[in-house]
Each structure stands twice: as C-alpha cells, then as structure tokens.
1. Can you find, among Ala54, Thr209, Thr75, the residue sitting farthest towards the positive end of the charge dipole of the chain, where Lys and Arg contribute +1 and Asp and Glu -1 at Cβ?
2. In the chain, once you exclude exposed GluC sites (Glu not before Pro) (DSSP loop, at most 13 other Cβ within 10 angstrom), what's the longest stretch remaining?
3. Hey, which of these cross-link pairs are over 26 Å Cα-Cα: Lys74/Lys232; Lys108/Lys221; Lys163/Lys232?
4. Of Thr255, Thr226, Thr113, how do they rank once you tally other Cβ atoms within 10 Å and put the fewest first?
5. Can you pull the semi-axes for the stretch 58-157, root of five times each eigenvalue of the Cα gyration tensor, sorted largest first, whole Å?
6. When the chain is treated as a GNM, springs tying every alpha-carbon pair under 10 Å, which of Phe215, Phe19, Phe150 comes out with the largest mean-square fluctuation?
7. Defining a contact as two alpha carbons under 8 Å apart and six or more residues distant in sequence, what relative contact order in percent does the chain show?
8. Just how large is the dipole of the stretch 107-160 about the Cα centre, in debye to the nearest 20, putting +1 at every Lys and Arg Cβ and -1 at every Asp and Glu Cβ?
Amino acid sequence: MYRRIAIITGSSSGIGKAFLELIANDNGGYFNNSFDEIWAVARRGDVLNEISSALGTDKIIPVVADLSCDSGIKTIEDKLKAENPIVGLLINSAGMGIKGLVMDKPAKALDDTVNLNCNALSRMIRITVPYMKNEGERPRIINIASSAGFLPQPNFACYAASKSYVISFSRAMSYELKPLGIDVTAVCPGPVATDFQRRATEGKETDFTDWRKNFVADPVKLAGKTLKASRKGKRIFVYPFSQKLLHLASKIIPTSWILCFSGNLK
Ligand SMILES: NC(=O)c1ccc[n+]([C@@H]2O[C@H](COP(=O)([O-])OP(=O)(O)OC[C@H]3O[C@@H](n4cnc5c(N)ncnc54)[C@H](OP(=O)(O)O)[C@@H]3O)[C@@H](O)[C@H]2O)c1
C-alpha cells in the first residue's frame, strides 16, 4: 500500500519550520491529517530531530541533505525511488540570500544562492512530480519566492534575481502541470521574522533594521495563509498587503524610478 507524504525543504528554521508545525499537527485542518509521513529536509539533522521530538509526532522523517549540490538532490531522489510514496505536497522553502555588492562577494556565495534558490527548487519539482497522483485530493507545490523578485535590487542583486526566477518558473510550471491536476503556487512575502536576515548579513543584523522593520510578517501566519491560498489554486500569493502595493507599483511605475526611490530609502 502506498504511503501519502509531504516534503518540506528548509524545515529546520523560519518559514519551512512554520509549515512543518502546521502540517504535522494538522493545525487549521488544511489536509485532514492525511499525510502518513512528512519528510523534513535541511542540512542540520540535529535541529530537525529536536523539532520532531518537540512536535511529538512520529510522522516527521528528518532528511539531511545539502540541496545546493547534486548529492543532496540525489539523496531525496534515491529515497523516493526506494520508498515509492505518493507525494501530496511539496513545499520548497529552503533558500538563502547574501547582502552586499556583487563585486565584494566571493564567487561561491553567488553560486550557492543560484544553486539553492533556483536549481534545487527546479530539480526538487522535477524529481517529485512523477510521484504526485491526483486521487481526489489535488497534489500541490508551494514555492517560496519573495517580493524581492518583483524588481532588481542593487546590494541584494543575486537574491532578487533568483527570486524573479522562482516567480517566473512557478508561473510556467502551473501551466505545464495543470493537465496532471497539480496546483503550483509561488509565494511572495516581504520581510518575515526568521533567521534569514542574520544569515544574509553574515551575522551583522539579526533583524530588519531599515524601513522594512515596519512590514515584518509572522512566519506562522504566512504559512497558514499560504496553505489557504494554495487550496484555492492561486498561482501567485503576495503577502501581506504592503507587498501587494509593491507588486502593483512594480507593474505600473518605471523600474528606474522605483530603484531610485528605494535607493534613497536605504
Ligand atoms: N525571512 C524573510 O524575510 C523572507 C522574505 C521573503 C522570502 N523568504 C524566503 O523564504 C524561504 C525560507 O527562508 P526563511 O526566512 O525561513 O530563512 P531561514 O530561517 O534562514 O531558513 C532557511 C532554511 O533553508 C535551509 N537551507 C539553507 N541552505 C540550505 C542548503 N544548502 N540545503 C538545504 N537546506 C538549506 C535552512 O536549513 P539548514 O541551515 O539546516 O540547512 C533553513 O531551514 C527562503 O527561500 C527565503 O528566500 C524569506
């Protein structure tokens, strides 16, 4: 008999962890407790084990993998081949950003960002879709993009460009996978209270300190609202309202004006 599973990348921290918590205990009843297992993917196995024990459910299966390299993707691919489950949900939340001027950053930091945010996300979809079956409950893919993907961002250029890729790729995949009955949602939050900013600034800032501190969202609220948006079949979910305004502005105001304005804000 097939087991029905969810896979959540980046589940050791922040937004991915918030999804893991909601789905493991079926808080909000989004999936009627229908997953036999939740594969929680990240590099830090000790943290995944701690989260799993704290949640008190044996449904969580920690999967240690560095998704920025081929071997990490192969770990998931081999596990899927060996266990042949039905995948009902894939959430691609693993991601990273590096703040600063591109010319000041080591090439590896740029490579890692593109490998994780773009290549791993695409490859996770590619290896997972063959295991998605539309048997009453539609399979879903949720890709965590960012409102940073609406516009180029000097000083955060590689990250913003990688998130433009996620938005564009998700939009195209939602059409390619429609005949298979699979829904794809790209999520575009603004700043969220997670470990992201500390990592992106290499420990220099633990929280958002500039004008964005007024718009910081809670990861659990974001995760809950995203699951609702995915169930409604939304292709793009922008959250919260401040980012919807930015989305609109990015469509109607010339990019050069917004760049000039955001440069002044910084
Ligand atoms: N926080 C924000 O302001 C914000 C805003 C918009 C979008 N986002 C996006 O939201 C997603 C989640 O970020 P977050 O805010 O939750 O940040 P976070 O707290 O830093 O979490 C990042 C997650 O990705 C995992 N990860 C990092 N590198 C990895 C690798 N090479 N292989 C496998 N897993 C890796 C981390 O786990 P390990 O370190 O254990 O591997 C962690 O679980 C990202 O895609 C980010 O771009 C964040």
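1. Thr209
2. On the way: sites that count: Glu202, Glu205.
Answer from the scan: 1-201.
3. Working: Lys74/Lys232 32 Å; Lys108/Lys221 34 Å; Lys163/Lys232 23 Å.
From Lys74/Lys232; Lys108/Lys221; Lys163/Lys232, over 26 Å: Lys74/Lys232; Lys108/Lys221.
4. Working: Thr255 11, Thr226 25, Thr113 22.
So the ranking, lowest neighbour count to highest, is Thr255, Thr113, Thr226.
5. On the way: eigenvalues 180, 54, 21 Å².
Semi-axes from the Cα gyration tensor: 30, 16, 10 Å.
6. Phe215
7. On the way: 485 pairs, mean separation 48.0, N = 266.
Result for the chain is 18 percent.
8. Working: 6 positive and 4 negative charges, 27 e Å.
Using only the charged Cβ atoms, the result is roughly 140 debye.
Each value in this text was obtained by applying a stated rule to the coordinates, not by laboratory testing. Bear in mind that the values here come from a model prediction, so they are computed numbers and not experimental data. Note that each Cβ is placed from the backbone with ideal geometry, even for glycine, and that neighbours are counted across all protein chains shown.
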